[in-house]
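Remarks on the structure that follows.
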């Protein structure tokens, strides 16, 4: 039968060997479900995960630098921030997490230089579980590589094995276990998965009686991630470092074929760093809100920085609970208003660059 780790390795190898197509789609989905269940079992059997890296989140957002050793993450941190992470032309220079702060367009963005990821990091190799636990808390992952562009798929695989899903959003799924009645599926008309496939994946997780509510189209991966229960969904940006070193432009572009979102930089010389800062800022979907005080003064130097989709209610709550309880209305001007100012309530969505005046009862 073999140990859980042996069975995990066997399934991972079978997944690598199996070419994805319509004929193998169902088989691959069941393998992924079996793999996820075994990984859950393996995690429950482990006794602790080490001391970890206790770095508190700070600033308006947190960005994690993730990559294999010796691709220039420390030099990149130093270039982006005022931090001074130790650098060297050999593997494993960074044996601890080094934080720095990128100040850009009024936002303060925490950048974490993490120890290099190695193969089997999700199982603990090279303090991998401790490193990956830091990535889980990030708002954006920078996948750092050099012009060899080697190992991006392996890094994504290690992140996925740790429950970190890049560049996808959580789907609206709920499963309520019942004592009898089998598996009853409530689904939209158009659904990529068949009821049989849904039931088969649930059975891999030993669920035989349940009410399943699917409120949008989903894939096998979406369902497996939900059933595994520990998935976090994080956007990513690929940073190709050391582009000032001798290389073939044509070969580099060929290696980057299929990589959707990347920036070419040289951390050593500063090439491409300003573009990278802008891409980090836009990828985080930050919203800068400028507050007008009672005297009418607007502080353009230190905006309130929140995330896209925030409303006036979130602005009040962020300032103080007392402001929310005494709220009468807000006056908003800027991108969310095309013409002039507008009196709005708590439900009004605020856009980047809006000027907000909160009027309270007091």
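What do you reckon, is residue 287 in a strand (DSSP E or B), under 25 Å from the mean Cα position of the chain (by Cα) and either surrounded by 16 or more Cβ atoms within 10 Å (Cβ to Cβ) or in the same structural domain as residue 247 (by TED's automatic domain parsing) (or both)? Lay out the reasoning, then the answer.
Numbers: in a strand (DSSP E or B): yes; under 25 Å from the mean Cα position of the chain (by Cα): yes; either surrounded by 16 or more Cβ atoms within 10 Å (Cβ to Cβ) or in the same structural domain as residue 247 (by TED's automatic domain parsing) (or both): yes.
It is true that residue 287 is in a strand (DSSP E or B), under 25 Å from the mean Cα position of the chain (by Cα) and either surrounded by 16 or more Cβ atoms within 10 Å (Cβ to Cβ) or in the same structural domain as residue 247 (by TED's automatic domain parsing) (or both).
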Residues to consider are 265, 344; find the one that is in contact with a helix residue (DSSP H, G or I) (Cβ under 8 Å, 6 or more places away or on another chain) and under 21 Å from residue 103 (Cα atoms). 265
Which one of these is at pLDDT below 90 and within 26 Å of residue 40 (Cβ to Cβ): 131, 141? 131
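I want to confirm something. Restricting to segment 313-323 and keeping residues that are within 30 Å of the chain's Cα centre (by Cα) and free of Cβ contacts under 8 Å to residues at least 40 places away in the same chain, which single residue is farthest from residue 105 (Cα to Cα)? Can you show your working first?
Filtering segment 313-323 down to residues within 30 Å of the chain's Cα centre (by Cα) leaves 313-321.
Then drop every residue that is not free of Cβ contacts under 8 Å to residues at least 40 places away in the same chain, which leaves 313-314, 317-321.
On the way: 313: 24, 314: 21, 317: 23, 318: 20, 319: 21, 320: 24, 321: 27 Å.
Restricting to residues being within 30 Å of the chain's Cα centre (by Cα) and free of Cβ contacts under 8 Å to residues at least 40 places away in the same chain, the top hit is 321.
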Quick one: residue 309 ticks every box in (1) surrounded by 12 or more Cβ atoms within 10 Å (Cβ to Cβ); (2) under 18 Å from residue 344 (Cα atoms) bar one, so which box is it? (1)
Please determine, by comparing only the residues of segment 200-252 that are without any contact (Cβ under 8 Å) to a residue 60 or more places away in the chain and closer than 30 Å to residue 76 by Cβ, which one is surrounded by the fewest Cβ atoms within 10 Å (Cβ to Cβ). 246
By residue number, the members of segment 343-354 that are more than 29 Å from the chain's Cα centre (by Cα) and surrounded by 14 or more Cβ atoms within 10 Å (Cβ to Cβ) are 344
Hey, among 278, 254, which residue is in a helix (DSSP H, G or I), at pLDDT 90 or above and under 24 Å from the mean Cα position of the chain (by Cα)? 278
Output the number of the condition that residue 272 fails; it satisfies all remaining conditions of (1) modelled with pLDDT of 95 or more; (2) within 27 Å of residue 351 (Cα to Cα); (3) crowded, with 16+ Cβ neighbours inside 10 Å. (2)
Give the residue, chosen from 85, 74, 122, that is assigned by TED's automatic domain parsing to the domain that holds residue 265 and at pLDDT 65 or above. 74
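Listed here are the residues, each with its yes/no results for (1) surrounded by fewer than 16 Cβ atoms within 10 Å (Cβ to Cβ); (2) over 16 Å from residue 214 (Cβ atoms).
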site	(1), (2)
155	no, yes
164	no, yes
175	no, no
180	yes, yes
186	yes, no
194	yes, no
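The values are calculated or read from the model by the stated rules, or taken from the named source; none is laboratory data. The structure displayed is predicted, hence computed values, not measured ones. Cβ sites come from the backbone with ideal geometry, for glycine too, and all protein chains shown count toward neighbours.
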